[in-house]
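The values are calculated or read from the model by the stated rules, or taken from the named source; none is laboratory data. Computed from a prediction, not measured in an experiment: that's the story for all the values here. Note that we place each Cβ from the backbone using ideal geometry, even for glycine, and neighbour counts take in every protein chain shown. Please note that ligands, DNA and RNA were not included when accessible areas were found on the heavy atoms of the full protein model with its side chains. Shrake-Rupley method; radii C 1.70, N 1.55, O 1.52, S 1.80 Å.
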Amino acid sequence: MAAAKIKKGDTVVILSGKDKGKTGEVTRAFPKDGKVVVAGVNIATRHKKPSQANPQGGLEKLEAPMHVSKVAIADPKTGKPTRVRFEEKDGKKVRVAVKSGETISG
């Protein structure tokens, strides 16, 4: 299995779509589907019928998963989008930002 370039807790920049340019934190990752959920981005509205749990019903806004190719890791130094490279440091495999060479935590 390939190592994940984008993980839960990473700060990412949106590269395309209605939220292009926005930055947010990955709250969930679905490696098998190649999708991620980013906080405050790609908001989908669902119309909910009144139920026992929610007698009012109404509109429910929630973050929808988006394809991992639409996001890029934010460089720890500049905050701009960067690609990720894997390097061996002290016998450990770590993620490194290609633009700045900074190690990405996580």
(Q) Under 14 Å between alpha carbons, and skipping anything fewer than 8 positions from residue 48 in its own chain: which aspartates and glutamates qualify? (A) 60
**Q.** Accessible surface, the chain, averaged per residue in Å² (probe 1.4 Å)
**A.** 70
Q.
Just to be sure I understand: with springs between alpha-carbon atoms less than 10 Å apart, which residue in 92, 22, 35 has the highest mean-square fluctuation in the Gaussian network model of the chain?
A. 92
Q: Mind sorting out which of [x] 1.11; [y] 1.00; [z] 1.03 is the real Rg/Rh (Cα atoms, Kirkwood Rh) computed from the coordinates?
A: [x]
Q. With the contact rule set at Cα under 8 Å and sequence spacing of 6 or more, what percent relative contact order holds for the chain?
A. 22
Q | Cβ-based charge dipole, the range 36-75, positive-most Cα from 73, 55, 39 | A | 55
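Round to a whole number: what % of the accessible area of the chain belongs to carbon and sulfur, probe 1.4 Å?
Values: 3760 of 7400 Å².
About 51 percent, which is the carbon plus sulfur part of the accessible surface.
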Q. Could you state the number of Å between the C-alpha centres of the range 9-24 and the range 39-106?
A. 7
Q) Among residues other than residue 54 whose Cβ falls under 11 Å from its Cβ, what is the net charge (Lys/Arg +1, Asp/Glu -1)? A) +1
Q. Once the other residues with Cβ under 13 Å from the Cβ of residue 76 are scored (Lys, Arg +1; Asp, Glu -1), what is the net sum?
A. +1
**Q.** ³J(HN,Hα), Karplus 6.51/-1.76/1.60, whole Hz, each residue of the range 65-76, x for Gly, Pro
**A.** x, 10, 5, 5, 6, 8, 10, 9, 4, 7, 4, x
Q | Max mean-square fluctuation residue, GNM over the chain, Cα-Cα springs under 10 Å, options 89, 80, 20 | A | 89
(Q) Just to check I understand the Karplus step: with θ = phi - 60° and J = 6.51 cos²θ - 1.76 cosθ + 1.60, what whole-Hz values come out for the range 19-33, glycine and proline as x? (A) 9, 3, x, 6, 10, x, 9, 6, 9, 9, 10, 10, x, 5, 8
Q: With +1 on each Lys and Arg Cβ and -1 on each Asp and Glu Cβ, and nothing else charged, work out how big the dipole of the chain is about its Cα centre, in Debye to the nearest 20.
A: 220
Q: Given the options 90, 19, 75, state which has the largest fluctuation in a GNM of the chain using a 10 Å cut-off (strictly under) for Cα springs.
A: 90
